[in-house]
Amino acid sequence: MIELVSHERCITCQACVTACPENVFDKVPHRPPVIARPDDCQTCFLCELYCPVDALYVSPFAERHVAVDEAELIAKGLLGGFRRAMGWEGGHPAGTDRDLTYRMFEDGRVAP
Amino acid sequence: MAVQEKSFDARRAESAPKQVDVLVIGGGPAGVWAALTAAERGASVLLAEKGLVGTGGATAAGNTTTIYAGPSSLEREAAIKRRLQHAQGLADRHWIERVIDESFARLNQLADWGYRYPVDQHGQSYRGSLRGADYLRFMRRRLRKAGVEVLDQSPALELLLDDDGAAAGAVGVNRLTNEVWTVHAGAVVVASGGCAFLSNGLGTNGLTGDGLLMAGEAGATFSGMEFSGQYGISPLFASVTKGIMYFWATFTDEDGNELPGEGDRQGIVARQLLKGRCFAVIDKAPPYLQQGMRVGQPNMFIAFDRTGIDPFKQRFEVALRYEGTVRGPGGLAINDDGATSVVGLYAAGDAASRENMVGAASGGGGPNATWALSTGIWAGRAAAEFVARLGNKHHLRKPKPSGQVGLRPTRETRTELGAREVIKAVQSEILPIAKNFFRREEPLRQSLAALDGVWAAASGELSAAHLPAAELVRAREAAAMLATARWVVASAVERRETRGLNRRDDHPKQDPALARRLFTGGLDSVWVSAEAQSRALAS
Ligand SMILES: Cc1cc2nc3c(=O)[nH]c(=O)nc-3n(C[C@H](O)[C@H](O)[C@H](O)COP(=O)(O)OP(=O)(O)OC[C@H]3O[C@@H](n4cnc5c(N)ncnc54)[C@H](O)[C@@H]3O)c2cc1C
Ligand code: SF4
Ligand code: SF4
């Protein structure tokens, strides 16, 4: 579930507010958005992908809240990890040409 | 909770209707292809999406494997054979062929438009997989170019019908602004996906059967709703129900004993979960493949990386999350053009019954995405043609709202039945594997009776008419899950055999006489009827 909007990093662009498919955030004028409905979060990581400055952290625990420490997340290099793995930059899509999913279909064990 | 001064109907009456030829509800792959195709045919098109066109639905959250097979290729023949085999008598070869062929052309067109496919080890452009978030973002740009108006964060809440009962638009609400919107349209395409009952499976919580409820209120017919004993495997703590990697997994019980059941991943886990805890380790993938998985499925590995688990070496506890009609085939019955039994109402993707393509089985891992793409195109095309035949007449219609439960309760005096209570009640009948993965007559009948009771109460009492957008949407989602659950359970009662995703412990064998579709529908009283002739006998 979504656990952090970093006030240090957030540039209040509101991208996460419009991107969240579960309407978890509320917009606050000129301020970072608030996590208004955390229990509606579906742990899809997509807000992280859309955030241009890696200000969000979605904990992988889908059904329980976990307290997070921003400094620790930064130290461990966890902020923006999903975006980097996908290859998106500044909220812009990239990286599909580096997808290696096809390897799972090479030995014929699985076929669509 | 802030109460709105004005009722939903008062807010609706104040919203100035937009007028378009085709309204598309839902912006996953089925919806975006429907909208694009209708626009290419010259129709004015509006697409309303609950989340964002780009993040909403089952495709957005994951990668999506497709069937990419050229005309008269060996792959095409093999894919068709595989489908027919899995379908257990209820698919249609002609449909499988046309779905594969339509998608093949479009997957190539995506490359021509600039979608960047990877290059495989043979130096070939690999077109059998799309990255969901990128695919939909890409399609969003195409929609803009084609002049489609997109309403994000704007779930539809009810259909509008004309005097003859034909679909003539919809009413919804913008979740960010709280404004009610009204669209009058010549035709409506339902592409709102399946129903996974808020089980927290990857990308499925927005998929609550809303379009099914709306179509049901207009009197539409559904098919294959019993083929819905579909669950996805996830790590116990996480939402990620990516199933493909478990082909290389070993499943064990708490003591580390390996669990039998070659190939049937969900079955292995389900049987173990009835007894106790279940664990998995993806220990059969060589390093080359591990890298393929890691790069190809980032959301799966982000979950592991953030908890410090190495899934290739360490056992992790797994769970099953219900996917209902998302990866299960049931949905609105459609004809060759994607038309439902309601005039002017079309359906595509997971909202439509996928039996023609996958029969009684799940079509995860390729068929489903291919189905969404092709049926989206057909529904968009047929809707545009339907509107062209209507001419300008549709602008003169006076569409009326058709939503009931959650919007317009039948009783004057109400106790406080909330959406969350309804959702809990539905989930307690539909999520447990003991009730819905493994089915039996008596428990199914008890579930149906319980759900009928909740329906009667909700019809009378559930109302969010005076509540803000988020609550209005929840109430309709609750009603939609409740309606869908009743069509699922009522159909499962009637199919007294085990076939595909209808596993009946009390009828463990397939019955050749039941090689026929089951149709269902109805709200206050749910009906089920069987296709007149058995397919095995017919062919
Ligand atoms: C984890 C997972 C992995 C999968 N992997 C594969 C795969 O590899 N290959 C494959 O073939 N299939 C796969 N599938 C299935 C595939 O994702 C679906 O078949 C496909 O997304 C269906 O497309 P759709 O457009 O019909 O529905 P969706 O993609 O679910 O889109 C429906 C859209 O409608 C919107 N909506 C819902 N209600 C409303 C409303 N009231 N008003 C407006 N909009 C609304 C939703 O927000 C959503 O954006 C997978 C499914 C899951 C869950
Ligand atoms: S993880 Fe998904 S549902 Fe949760 S806040 Fe982010 S975008 Fe919204
Ligand atoms: S997307 Fe990132 S920067 Fe923009 S408002 Fe959200 S948290 Fe702040």
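The values are calculated or read from the model by the stated rules, or taken from the named source; none is laboratory data. Predicted model, so just to flag it, every value in this text is computed and none were measured. FYI the Cβ positions are ideal-geometry reconstructions off the backbone, even for glycines, and counts take in every protein chain you see.
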* To do: For residues that are over 27 Å from residue B:189 (Cα atoms) and more than 16 Å from the chain's Cα centre (by Cα), scanning just the range B:220-234, find the one that is nearest to the other protein chains (Cβ to nearest Cβ).
  => B:234
* Would you check if residue B:528 is of a type in the set (A, V, I, L, M, F, W, C) and part of a helix (DSSP H, G or I)? => no
* Asked: Regarding residue B:37, is this residue in contact (Cβ under 8 Å) with a residue 12 or more places away in the chain and either within 16 Å of ligand 2 (Cβ to nearest atom) or at the interface with chain A (Cβ under 9 Å from one of its Cβ atoms) (or both)?
  -> no
* To do: Hey, could you check the range A:15-74 for residues that are away from ligand 1 (no atom under 16 Å from the Cβ) and on the phi > 0 side of the Ramachandran plot and say which is farthest from the chain's Cα centre (by Cα)?
  => A:30
* Is the range B:401-415 home to any residue that is among the small types (Gly, Ala, Ser), within 14 Å of chain A (Cβ to nearest Cβ) and over 24 Å from residue B:62 (Cα atoms)? -> no
* Structure fact -> Exactly one of A:18, A:43, A:12, A:96 is among the polar types (S, T, N, Q), away from ligand 2 (no atom under 14 Å from the Cβ) and at the interface with chain B (Cβ under 7 Å from one of its Cβ atoms), and that one is A:96
* Structure fact -> Counting only strands (runs of 3 or more DSSP E) entirely within the range A:1-102, those with at least 2 residues that are surrounded by fewer than 21 Cβ atoms within 10 Å (Cβ to Cβ) are A:2-5, A:25-28, A:31-35
* Do we find that residue B:370 is within 14 Å of chain A (Cβ to nearest Cβ), assigned to a helix (DSSP H, G or I) and closer than 23 Å to residue B:41 by Cα in this structure? -> yes
* To do: Considering only the range A:46-86, state which residues are touching a Cys at 6+ places or on another chain (Cβ under 9 Å), within 11 Å of another protein chain (Cβ to nearest Cβ) and within 15 Å of ligand 3 (Cβ to nearest atom).
  => A:46, A:47, A:48, A:50, A:58, A:80, A:83
* Could you tell me whether any residue of the range B:68-86 is in contact with a strand residue (DSSP E or B) (Cβ under 9 Å, 6 or more places away or on another chain) and under 30 Å from residue B:384 (Cα atoms)? => yes
* Filter result for the condition that a residue is surrounded by 21 or more Cβ atoms within 10 Å (Cβ to Cβ), more than 10 Å from every other protein chain (Cβ to nearest Cβ) and in contact with a Gly (Cβ under 9 Å, 6 or more places away or on another chain), over B:180, B:173, B:99, B:148 -> B:180
* Asked: Wholly within the range B:235-349, which helices (runs of 4 or more DSSP H) include no fewer than the required count, namely at least 1 residues that are more than 10 Å from every other protein chain (Cβ to nearest Cβ), over 30 Å from residue B:100 (Cβ atoms) and out of contact with any helix residue (DSSP H, G or I) (no Cβ under 7 Å at 6 or more places or on another chain)?
  -> B:265-275, B:287-296
* To do: Check the range B:195-209 and report whether any residue there is within 14 Å of chain A (Cβ to nearest Cβ) and part of a strand (DSSP E or B).
  => yes
* Structure fact -> Expected output for the range B:526-539 (first residue crowded, with 16+ Cβ neighbours inside 10 Å, partner of a type in the set (S, T, N, Q) and at pLDDT 95 or above, Cβ below 7 Å, 6+ apart or cross-chain) is B:526/B:520; B:528/B:491; B:528/B:520
